[in-house]
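A short write-up of the structure that comes next.
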Amino acid sequence: MPKDNKKLTGVQKAALLFITLGPEASAPILKKLPENEIQKITYEIANISSVSSEERKSILDEFLVINQARDYIKEGGLDYAKVLLGKALGKQKADEILEKVTEATQQYRPFSIARKADAHQLLNVISNEHPQTIALILCYLQPDKAAQVIAEFPEDLQSDVAYRLATMSNTSPMVIKEIEKVLEEKLSSVVRTETTEIGGVETLVGILNQVDRTTEKNITEGLEREDAELADKVKSSMFVFEDIILLDDVSIQRILREVETKDLSLALKGCSEEVANCVFRNQSKRAAASLKEDMEFLGPVRMMDVEKAQQMIVGIIRRLDDAGEIIISRGGEDAIIV
């Protein structure tokens, strides 16, 4: 058995880990693995005569770091994990650990090559595909990348793809494999994984939460023409900047503590008087007066800049909602603070 962990296979590392953990801790874990993996690991265990304390420590340390990396990714994403691990382990070691974690994750998810590809390159590859095929591929993309792709489609294609994405529920693994194979050839890579349950309103909402307001409006209006009931389901699951008037005052005050004045003044330039007054009402008189002066000082502004500021504030609202600090109303219910 080689002593350098870099020379060990995954099965050999698993065998060393189970030996290190001992029978009581290892047995419940081992029983949950696929039968073919159990056979490989037990074979390696049977062929290991001894494990040094140095090897035990090295394997256990790697196991703990990899699990820590996975926790960081779940908590704040890949960039967040890279920063924290980089501070603790150094950039090179952090990159090595994250590469192992992402490779292990991607091998169980279809279209990982599409997730790695540049959004512009992906757009060129799939733009002429059937809308149903495009919708299937977008289901597996990161929401921000899917948003970049769908925003570049013509309006009629945006609506068509969005409708198909929202109404998709189950897709044959064989169909996924066939589409995946074609995409692999076009992107010069290999991805092999199966799944069955994809798409739906939640997936579409995740994408719409990342696109610009113009694209969002085009898609929701297209859905209304195609299926008004479905459009209502999508919109009821979303939160747009103007919906701030639906929140209670305590929630709005909590949100405003997170927003820079320059961003708030820009966002309010493109909203209704009702929305602006809602914000002013939840500030001190001095802060409200200062904000109004800032808005006047801005003068004419580009709509795209206003939308960007509004989208940023909506991102803060959704983050606070996810954290449980506020609860965005759904289906007409009042938001509450927890």
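Summary table below
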{"read-out": "Surface per residue (accessible, 1.4 Å probe) for the stretch 218-270, Å²", "value": "49 Å²"}
{"read-out": "Share of carbon and sulfur in the accessible heavy-atom surface of the stretch 239-323 [1.4 Å probe, %]", "value": "51 percent"}
{"read-out": "The stretch 112-192, accessible surface, carbon-and-sulfur percent (1.4 angstrom probe)", "value": "46 percent"}
{"read-out": "Three-way shape label, the stretch 201-304, alpha-carbon gyration tensor, a/c 1.5", "value": "prolate"}
{"read-out": "Cα shape, the stretch 112-192, gyration tensor, a/c 1.5 rule", "value": "oblate"}
{"read-out": "Mean Cα-pair separation over length for the stretch 239-323, i.e. relative contact order, pairs under 8 Å, 6 or more apart, %", "value": "47 percent"}
{"read-out": "1.4 Å probe accessible area per residue over the stretch 112-192, in Å²", "value": "49 Å²"}
{"read-out": "Cβ-defined net charge surrounding Leu187, 12 Å radius [Lys, Arg +1; Asp, Glu -1]", "value": "0"}
{"read-out": "Burial ranking of peptide ranges 315-326, 14-25 (average Cβ count within 10 Å, highest at the top)", "value": "14-25, 315-326"}
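The values are calculated or read from the model by the stated rules, or taken from the named source; none is laboratory data. Computed from a prediction, not measured in an experiment: that's the story for all the values here. No Cβ is skipped: glycine too gets one built from the backbone with ideal geometry, and neighbour counts run over all protein chains shown. Heads up: the accessible areas ignore ligands, DNA and RNA and are worked out on the full protein's heavy atoms, side chains in. Shrake-Rupley method; radii C 1.70, N 1.55, O 1.52, S 1.80 Å.
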